[in-house]
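What follows is a single structure, written as structure tokens, with notes after it.
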Amino acid sequence: MVEKLLVERPKRRKANKTLFRLAEQGFGALTANNIITYSQTDFAYIATIIDKQNISDDKIQLTQLTPTSNRLEVAQYRTDEKWSQAKVFAQQVLIVGMDCSVPLLKPISNESVSHTAQNNLGHYDMPSTSIGVLPSVLPEFLDITRFKKVIIIENGQLMTHWWQWQDRLPANWKSALLVYRGHGNNLAWLSNILPKLPTACEVLLSFDVDLSGLRMINHYAKQCTGKVSVLLPKIVLTSSPIIPPYNQPHKVTEQINATTTSSLLEPLQSIYQVLIDHNLALMQEHLLQDTTVEWIEIDL
């Protein structure tokens, strides 16, 4: 907040808790309607606050450190290493090599991968993931140019216990990279890399079988440039499906206004209609534990 104030140097700003405290200490003048006005002298004083928190002799531009900078980066310049708002593990991508290795990049020097020229990067592989293990990798160390088969799932519990349901997958997908769609960096990284995957890379989308899940499947399928398919239970392809006991029909009512048939890719439109007609909403956790479910892979 303080750094942003110094960068933008506004003449006035609506007071919040932080700015109000600063005004009480003489940094800015509080006027009517909780408006704080600032002079160049105020900005000079604010700059001294920041300088006192810096521990490096090198001057750093305020824009070089961001709230997403990790604590090691922040610690080079600030006395408060927790100035960073980035959660320690949120910057990692969760990825499993199910009976296959995970392709990685390795800089020849100790530089960050993101600051290393491509011709100075080595290639190596993380061995296939052992049962009970969930690897997390900084996104810049993943060599997406060597990805061959990728399964994207939305459920975190399935990610942590991937070996318990791996055998339920179609035979041609039991050996593949498993990626968590997830939150934070997983979510941003996934949207960023899908259009950049090699055209020969196959992508399988496995989400909840409800209207929200169809919307996400549609979203990610449109970002893929190569072969992309979706994993679905066969019951959604029949006109008179047998409704399993774990169906959650209330979710159809909750989600129906967020998705329209016309917004979906053509192969998903008939599935959308089945879900609507039969009030179907089936979660991944239930489906992958149900040994009676027959699966089908549909190209998108």
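I need every pair where a residue in region 265-289 that is touching a residue at least 40 places away in the same chain (Cβ under 8 Å) and over 14 Å from V236 (Cβ atoms) has its Cβ under 7 Å from the Cβ of a residue that is open to solvent by less than 20 Å² (accessible area, probe 1.4 Å) and in a helix (DSSP H, G or I), sequence separation at least 6 or different chains.
Pairs found: L265/N218; L265/A221; E285/L158; L288/L158.
Quick grid of which residues meet (1) loosely packed, with under 13 Cβ neighbours inside 10 Å; (2) under 30 Å from Q284 (Cα atoms); (3) modelled with pLDDT under 95; (4) over 22 Å from the mean Cα position of the chain (by Cα):
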position: T79; (1), (2), (3), (4): yes, no, yes, yes
position: S84; (1), (2), (3), (4): no, no, yes, no
position: C100; (1), (2), (3), (4): no, yes, no, yes
position: Q118; (1), (2), (3), (4): yes, no, yes, yes
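Step by step: first the residues of region 224-260, then only those that are of a type in the set (S, T, N, Q) and closer than 24 Å to L194 by Cβ, then the one that is modelled with the highest pLDDT. Which residue is that?
S229
Restricting region 165-178 to residues that are modelled with pLDDT of 95 or more and open to solvent by less than 10 Å² (accessible area, probe 1.4 Å), which is nearest to D208 (Cα to Cα)?
Among them, the one singled out is L178.
Restricting region 138-164 to residues that are assigned to a loop (DSSP other than H, G, I, E, B) and open to solvent by 30 Å² or more (accessible area, probe 1.4 Å), which is farthest from S128 (Cα to Cα)?
E154
Looking at I193 and the list (1) touching a helix residue (DSSP H, G or I) at 6+ places or on another chain (Cβ under 6 Å); (2) surrounded by 19 or more Cβ atoms within 10 Å (Cβ to Cβ), which single condition is not satisfied?
(2)
For every residue, the table says whether it meets (1) closer than 19 Å to Q157 by Cβ; (2) open to solvent by 30 Å² or more (accessible area, probe 1.4 Å).
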position	(1), (2)
S206	yes, no
D210	yes, no
K222	no, yes
V230	no, no
L237	no, yes
P267	no, yes
Y272	no, no
Q284	yes, no
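So the check is Cβ under 9 Å with 6+ separation or different chains; which pairs have a first residue in region 11-31 that's in contact (Cβ under 8 Å) with a residue 60 or more places away in the chain and a second one that's of a type in the set (G, A, S) and part of a loop (DSSP other than H, G, I, E, B)?
Close Cβ pairs (under 9 Å, with a partner that is of a type in the set (G, A, S) and part of a loop (DSSP other than H, G, I, E, B)) do not exist here.
Can you pull out the residues in region 193-212 that are under 14 Å from Q255 (Cβ atoms) and more than 16 Å from the chain's Cα centre (by Cα)?
Hits for region 193-212 are D208, V209, D210, L211, S212.
Just give me the residues in region 233-250 being assigned to a loop (DSSP other than H, G, I, E, B) and hydrophobic (A, V, I, L, M, F, W, C), in sequence order.
I242, I243
Can you tell me which of T292, T253 is assigned to a loop (DSSP other than H, G, I, E, B) and open to solvent by 20 Å² or more (accessible area, probe 1.4 Å)?
On inspection, the qualifying residue turns out to be T292.
The values are calculated or read from the model by the stated rules, or taken from the named source; none is laboratory data. Every value quoted in this text rests on a predicted model; they were computed, and no experiment measured them. Neighbour counts run over all protein chains shown; Cβ positions are idealised from the backbone, glycine included. Heads up: the accessible areas ignore ligands, DNA and RNA and are worked out on the full protein's heavy atoms, side chains in. Shrake-Rupley method; radii C 1.70, N 1.55, O 1.52, S 1.80 Å.
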